[in-house]
Every structure is written in C-alpha cells, then in structure tokens.
Amino acid sequence: MTHLRGTHHAAIICSDYARSKAFYTQTLGLAVLAENYREDRQSWKLDLALPDGTQIELFSFPDAPVRPSQPEAQGLRHLAFVVNDIVAAKRDLEAKGIAVEDIRVDPYTQRRFTFFPDPDGLPLELYES
C-alpha cells in the first residue's frame with residue numbers, strides 16, 4: 001500500500017494507570033500531549049509523544065485481561081524505541097531500577113538492541129541506529 005507514511009501511535013492498555021503513567025512519563029521521559037478520563041468507559045486515555053512525533057496512547061480499562069508475554073503469543077510482539085547510544089540508555093534505565101537484558105547484535109542488520117519490560121510486563125525494545 002503506497003499511502004502509508006509512517007506510524008502515528010501505538011496503544012497500550014495498562015493494569016495500574018498511575019504506575020504506568022509514571023513509568024512512561026518519568027522513567028522513559030515521554031511528553032504528555034493530553035490526558036482525559038472517559039466516564040462512559042471508566043477509562044483514562046493518556047496521549048504521549050516521542051521526539052520524532054510518534055505517539056503512545058496509554059489506556060486503563062476496568063478488568064482488562066492480562067496479556068501473555070511469556071511464552072510469546074500471537075499478536076503484537078513488542079514496541080521498539082530508537083536510541084542513539086544503547087549503552088547509555090541501558091545504564092539510565094538500570095539506574096532507575098529497571099531490569100534490562102544484555103545488549104545483543106542483530107545478525108542481519110548488525111544493529112545493537114536490548115529489551116526491558118514496562119510495569120505490566122509488555123516487552124519494550126531499545127534499538128540503536
């Protein structure tokens with residue numbers, strides 16, 4: 001399809017809105033664009049921005065089922081963030097108490113990458129470019 005120009009946003013449903021909001025804004029440093037409580041759905045919607053304009057929508061829904069991450073399940077596998085210096089990014093996350101996997105090298109692209117979980121165990125990737 002030739003009409004696609006990029007990714008606008010990824011949507012994440014969390015189990016604990018306050019905890020996930022703190023993680024994505026304070027730990028990862030994403031900027032808040034908008035925050036709304038949707039009374040009819042008993043749901044928060046937080047719009048977050050990355051420096052390149054890509055956004056993350058963070059939702060809370062009452063009684064949302066747990067997403068299986070281990071073992072890997074069908075569907076969206078992970079969300080990857082581009083970083084300039086993966087060693088520095090890994091060090092910063094670890095200093096904030098986030099468990100980050102060892103840095104690996106993609107055998108096809110020769111790019112370095114690593115994974116870490118969000119508060120609900122959603123796999124997030126750092127990908128050095």
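Throughout, read-outs are computed from the coordinates displayed, never taken from laboratory work. Here the structure is a predicted model, which is why all the values come from computation and not from measurement. No Cβ is skipped: glycine too gets one built from the backbone with ideal geometry, and neighbour counts run over all protein chains shown.
In debye to the nearest 20, how big a dipole does the chain give about its Cα centre with +1 on each Lys and Arg Cβ and -1 on each Asp and Glu Cβ? List each step's numbers first, then the result.
Values: 14 positive and 19 negative charges, 28 e Å.
The calculation lands at about 140 debye.
Just to confirm a number: summing +1 for Lys and Arg and -1 for Asp and Glu over residues other than residue 112 whose beta-carbon lies under 15 angstrom from that of residue 112, what do you get? Before the final figure, lay out the partial values.
On the way: positive: 90, 91, 104, 111; negative: 85, 101, 102, 106, 125, 128.
Here the count lands on -2.
Out of every Cα pair in region 77-129, what percent are spaced more than 15 Å from each other? Walk me through the numbers on the way to the answer.
Values: 577 of 1378 pairs.
In whole percent, the share of Cα-Cα pairs in region 77-129 beyond 15 Å is 42.
Reported to two decimal places, what Rg/Rh ratio describes region 1-73 when computed on Cα atoms with Rh from the Kirkwood expression? Don't skip to the end; give the middle numbers.
On the way: Rg = 13.8 Å, Rh = 13.6 Å.
Here Rg/Rh amounts to 1.02.
Please compute the net charge surrounding residue 32, taking Lys and Arg as +1 and Asp and Glu as -1 over other residues with Cβ under 11 Å from its Cβ. The partial results should precede the final answer.
Numbers: positive: 21; negative: 35, 47.
The answer is -1.
Go through region 35-41 residue by residue and turn each phi into a ³J(HN,Hα) via Karplus (6.51, -1.76, 1.60, θ = phi - 60°); whole Hz please, and just put x for glycine and proline.
Running phi through 6.51 cos²θ - 1.76 cosθ + 1.60 with θ = phi - 60° gives 9, 9, 9, 9, 3, 5, 10 Hz.
Which value, in debye to the nearest 20, describes the size of the charge dipole of region 1-62 about its Cα centre when Lys and Arg Cβ atoms bear +1, Asp and Glu Cβ atoms bear -1, and nothing else is charged?
Numbers: 6 positive and 7 negative charges, 15 e Å.
The dipole of region 1-62 has a size of about 80 debye.
Go through 105, 81, 25 and say which Cα lies farthest out towards the positive end of the charge dipole of the chain; charges sit on Cβ, +1 for Lys and Arg, -1 for Asp and Glu.
Farthest towards the positive pole: 105.
What share of Cα pairs, in percent, lie more than 20 angstrom apart in the chain? Intermediate values should be presented prior to the final figure.
On the way: 4110 of 8256 pairs.
Result for the distance tail: 50 percent.
Return the lysines within reach of residue 21: Cα separation strictly under 19 angstrom, same-chain partners fewer than 8 residues apart disregarded; answer none if there are no such residues.
Reachable lysines: 45, 96.
Below 14 angstrom from the Cβ of residue 19, what's the summed charge of the other residues (Lys, Arg +1; Asp, Glu -1)?
Summing Lys/Arg as +1 and Asp/Glu as -1 gives -1.
Which listed residue (46, 10, 122) has the Cα farthest towards the positive end of the charge dipole for the chain, taking +1 on Lys and Arg C-beta and -1 on Asp and Glu C-beta about the Cα centre?
10
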